[in-house]
Amino acid sequence: MDYTRKIDEKWQRRWEEQGIFRADTSATEKPKYYCLVMFPYPSSELHVGHARNYVIGDAVARYKMMQGYQVLSPMGWDAFGLPAENQAIKHKIHPKEWTLKNIRRITEQMQSWGVGYDWQREITTCMPEYYRWTQWLFLQLYRKGLAYRKEALVNWCSSCKTVLANEQVISGECERCSTEVEQRNLKQWFFRITDYAERLLSDLDILDEWPERVKTMQKNWIGKSQGVEISFPVEDVQEPIVCFTTRVDTIYGATFLALSWEHPRVVELIKDSPHKEEVAAFVERIKNRPPSARLIESFEKEGVWTGKYAVNPMTGEKIPIWIANYILMEYGTGAIMCVPAHDARDYEFAQRYSLPVRPVIRPVETVTDSPVYEGEGVLVDSAEFSRLPSDQAKEKIAERMEEKKTGVRVHKYKLRDWLISRQRYWGAPIPMVYCEGCGEVPVPEGDLPVVLPETVQFLPTGQSPLTLIESFYRTKCPRCGADARRETDTMDTFVDSSWYYLRYISPRETDVPFVTSTVNEWLPVDQYIGGVEHAILHLMYSRFVNKFLQDLGYVSFDEPFARLFTQGMIVKDGAKMSKSKGNVVAPDYILEKYGADTMRLYILFMGPPEKDAEWQDEGLLGCWRFLQRAVRLAEMLIEHPGEATEDALNEQEQTLARKAHLTIKDVTEDMEKSFQFNTAISRIMELVNQAHKSLNEGYVRKSVLEHAVHTVFFLLAPFTPHLSEEVHQMLGGQVSVFRRAWPEYQAEMLREERIEIGVLMNGKVRDKLTIDTRWTQDEIKEKALSLSRIHSLLQGKSPKKVIYVPQRIVNIVA
RNA sequence: GCCGAGGUGGCGGAACUGGCAGACGCGCAGGAUUUAGGAUCCUGUCCCGCAAGGGGUGGGAGUUCGAUUCUCCCCCUCGGCACCA
């Protein structure tokens, strides 16, 4: 049999005709399985690195089909976003045209790999029938007060000319173009994800089937810390200043307060201070510092004294209030109590300005010569709290403060609200209208979608092209009918992708975004598959939106994705594949030369799918050779004359039959456990090797060979579907292998009469022993001791102890 | 700095709840077949050693009859976060 593209195409056509990937979400006779691969951003054609994602998903979907599940495996396009618009500016091609062209090409590629989807459910986020419901989602959030507009210092990329979410800023640079991000004060739309911080955090615990590292990343991102908000009375001023600290146990060591330059109380504090000008100059200087100044690894701590004093509520002591450049307004209260003896940053600052350092925590065991001790320990010089360990002191001091009403225990989160507005064209318009009389007015749901106009000019002006289209922004107020102006910002694409998994269930529904009852039957997604790069952004936004919809009663489940699998990257020459590095492996030549199955098999065989793997063409060749060897077995089977003898199996037959059953068992376990495709494939290789070996060594009856060959191709089917179908048909199969059951093994076939075990002396292997599994322990020990090798090593002495681990080893302790 | 994941032949990687380290594949070597090349088949391949033997899972200790696996310390690589009080 010649394995050619013709076979690939034949089966791809046939699957399409038979609709094996078409999911009937209303059918309930089979157990359901929702297998979802993260939908791609259609920016260019796919290479083998991308292919890994889809091949894994396809293998899972097909495996589940073979097990009799009603499998839903849909695909769609995360089609809004910057790259399309950048192309438009550069090459004068409309983003829509560019995007749809890419979608066509990628679809073709996926199909040529035999990756199957229910294409009737295809969704594209840039189409009005989809983004209409993204806008609907916005309105629901708005109605609940979870979408709001505020002026804020926001991240601004001067190259992309747009605002970025915190999550899109990677060490101070734009995620997309690596331009240094600036801070600008602009009026922007936010989603109040912080309201869900606690639930997003605590529900991570129910996600047992998520990779630990993803959960940890989210946990760190949410960044919960427990502490106390302490009110420090200010001399000559009515209002106290509130500081947040996680270390109340160090309060007796607080020697000054420091505020952020943005702190709202600064102006008032320096109003009548003799240091007024100095402070104002300092504030002005940090305000105008270049954006890069914030990013330098450890920039110099600087500050200025306000001339004011606060009072330590525990000691009554007067401590100076400073403005310092290292205090973040965004976290806590923008003001902190400084304990130089126990905080490296405070220490650095105190040194510079000769502020007192007062140790109040003694390390328990650690001997340190550093002047700063940041760990916990035992309190000293802390009045009646002295001699208490830190953890107890935190409790006691907090209690005391709460009694005296000078402090209150609180939780703080690092998580910020999600900035969703973009001053860009290629996104879903934010469905809001501004009216002089009524102010901010939401577009009525019935008027959705707010359609993105298609005829526009693409100019990188820093404003959305929408601001230049009068016919778009000029509108009437939905409330009073007066002239009004539409919001011209569009939504972050992460909004589009935060709910798409719900839409697949009823993608053509025109009255609702999704049908609650069906969604509740089909979700959570049984298996979600995608790259780790989405560990924080996409996955957390989706969890947030899901919880929000749950609160509204639109869905009944807590979490959208029950199981998450994050696959590793495929690298070439040690680097991520990219056009600029010129190390992209394009699938086309592979398909031409070896066919889709060889590529699929190799991608899965390369290594554990969750880890990065290095692409090697030679490895691909190995898979090709293996498939040839497997096909040859099938051909030998066809030529096998066959004969009807009822005699017991001979030795080769027994070995082969046993291996076949064992392989079914092992491969099934590998699939179930955690997608160990690499070991699953290696076991099938072993079976093929064994079959060839058995045939070489003696006579193997047709029935035994037949079982082995069928086993090989059934087990391979999720990985090499075309070839499996072809061979199955060649051998007389009438129905698609994906309509047939996954093979099952017979436990009694696994039993063995003679096995070889290792004989160890003092933990080192010295000899081997073939045992009969019916032998008793004592018999086996005796046989082991009588081995000539062991005999000579013992030199006549008797062993101290003999340990027998059933079916494995005998260890003789001399 | 903090958090997480790792470190096993020439390479990708196996090894279940502590039980014969290196499955499977690549590469390499030898042989068969072939006009030659390619392809295919067989054999070998952790290291040192002709052998007997010895060493060996990042390094060091420990627990154990026995450790890639468990405990402690240290080193290195990758990923995430990072002035978060």
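To the nearest 0.05, how large is the calculated FRET efficiency for A:Lys271 and A:Glu618 if R₀ is 56 Å and r is the Cβ-Cβ distance?
The value I calculate is 0.15.
Pairs to check: A:Lys224/A:Lys579; A:Lys187/A:Lys287; A:Lys287/A:Lys579; A:Lys318/A:Lys405. Give those whose C-alpha atoms are more than 29 Å from each other in this structure.
Beyond 29 Å between Cα atoms: A:Lys224/A:Lys579; A:Lys287/A:Lys579.
At 7 Å along Cα-to-Cβ for each site, give me the label-to-label distance between A:Glu440 and A:Arg789 in nm.
Placing both labels 7 Å beyond Cα along the Cβ direction yields 8.0 nm.
Quick one: if you stick a label point 7 Å off each Cα along the C-beta vector at A:Glu129 and A:His707, how many nm between them?
5.2
Among A:689-698, A:228-237, A:571-580, A:251-260, what's the highest-first ranking by average C-beta atoms within 10 angstrom per residue?
Averaged packing, sorted descending, gives the order A:251-260, A:228-237, A:689-698, A:571-580.
Just round it to a whole percent: the fraction of Cα-Cα distances in the range A:314-420 exceeding 15 Å.
Percentage above 15 Å: 72.
Using helices alone, what [θ] at 222 nm do you get for chain A, with -39,500 (n - 2.57) per DSSP H run of 4 or more residues, divided over all residues and rounded to the nearest 500?
-11500 deg cm²/dmol, from helical runs alone.
Please compute the contact order of chain A in relative form: average sequence separation of alpha-carbon pairs under 8 Å and at least six residues apart, divided by the residue count, as a percent.
Relative contact order, chain A: 14 percent.
Given R₀ = 45 Å, what would the calculated FRET efficiency be for A:Glu108 paired with A:Glu212, taking r from the Cβ atoms and rounding to 0.05?
After rounding, the FRET efficiency stands at 0.75.
Nearest 5 is fine: what % of DSSP beta bridges in chain A come out antiparallel, could you say?
Around 75 percent of the beta bridges assigned by DSSP in chain A are antiparallel ones.
Once each part is reduced to its C-alpha centroid, what is the distance from the range A:56-84 to the range A:760-814 in angstrom?
Using only Cα atoms to place each centre, the spacing works out to 54 Å.
Assuming R0 = 25 Å, what is the FRET efficiency of A:Thr776 and A:Glu669, from their Cβ-Cβ distance, to the nearest 0.05?
Calculated transfer efficiency: 0.25.
Sorted by average packing, counted as other Cβ atoms within 10 angstrom per residue and highest first, what order do A:274-282, A:338-346 take?
A:338-346, A:274-282
Expressed in nm to one decimal, what extension gain is obtained for the pair A:Arg22 and A:Ser517 from 0.36 nm per residue of sequence separation less their Cα-Cα distance?
Gain on extension, A:Arg22 to A:Ser517, equals 176.2 nm.
Please pull out the direction-averaged projected area of chain A, using the convex hull of its alpha-carbon atoms, in nm² to one decimal place.
Average of the hull's projected areas for chain A equals 47.4 nm².
Give, rounded to the nearest 20 debye, the magnitude of the charge dipole that chain A has about its Cα centre when Lys and Arg contribute +1 at Cβ and Asp and Glu contribute -1 at Cβ.
600
Sort A:Thr655, A:Thr250 by Cβ crowding within 10 Å, fewest neighbours at the top.
Arranged by neighbour count, lowest to highest, A:Thr655, A:Thr250 become A:Thr655, A:Thr250.
Could you check the simple spin-label distance between A:Lys90 and A:Gln734, using points 7 Å along Cα→Cβ, in nm with one decimal?
The answer from the label model is 5.7 nm.
What is the distance in Å between the Cα centres of the range A:138-153 and the range A:693-733?
60
Collect residues whose amide H, placed 1.01 Å from N in the peptide plane, falls under 5 Å from the amide H of A:Ala613; neighbours closer than 5 in sequence don't count.
Amide H to amide H, under 5 Å and 5 or more residues apart or across chains, A:Ala613 pairs with A:Met569, A:Ile570, A:Val571.
What is the Cα radius of gyration of the range A:1-150 over 2.2 N^0.38 Å, N being its residue count?
The reported ratio for this selection is 1.25.
Say the dipole of the range A:647-756 comes from +1 at the beta carbon of Lys and Arg and -1 at that of Asp and Glu; which of A:Gln729, A:Tyr745, A:Tyr699 then lies farthest toward its positive end?
About the Cα centre, the residue reaching furthest to the positive side is A:Gln729.
Given Cα pairs under 8 Å that are at least 6 residues apart, what percent is the relative contact order of the range A:537-602?
Value for the range A:537-602: 15 percent.
Could you give the Stokes-Einstein D for the range A:570-719 in µm² per second, using the C-alpha Kirkwood radius, 4 °C, 1.567 mPa s?
77
How much length is gained on full extension from A:Val571 to A:Glu384, taking 0.36 nm per residue of separation minus their Cα-Cα distance?
61.2 nm
Report the Cα centroid-to-centroid distance between the range A:322-386 and the range A:244-290 in angstrom, as an integer.
The range A:322-386 and the range A:244-290 have Cα centres spaced 17 Å from each other.
The numbers here are math on the coordinates, done by the rules we state, and not lab data. Values in this document were obtained by computation on a predicted structure and should not be read as measured data. Glycine also receives a Cβ, built like all others from the backbone with ideal geometry; neighbour counts cover every protein chain displayed.
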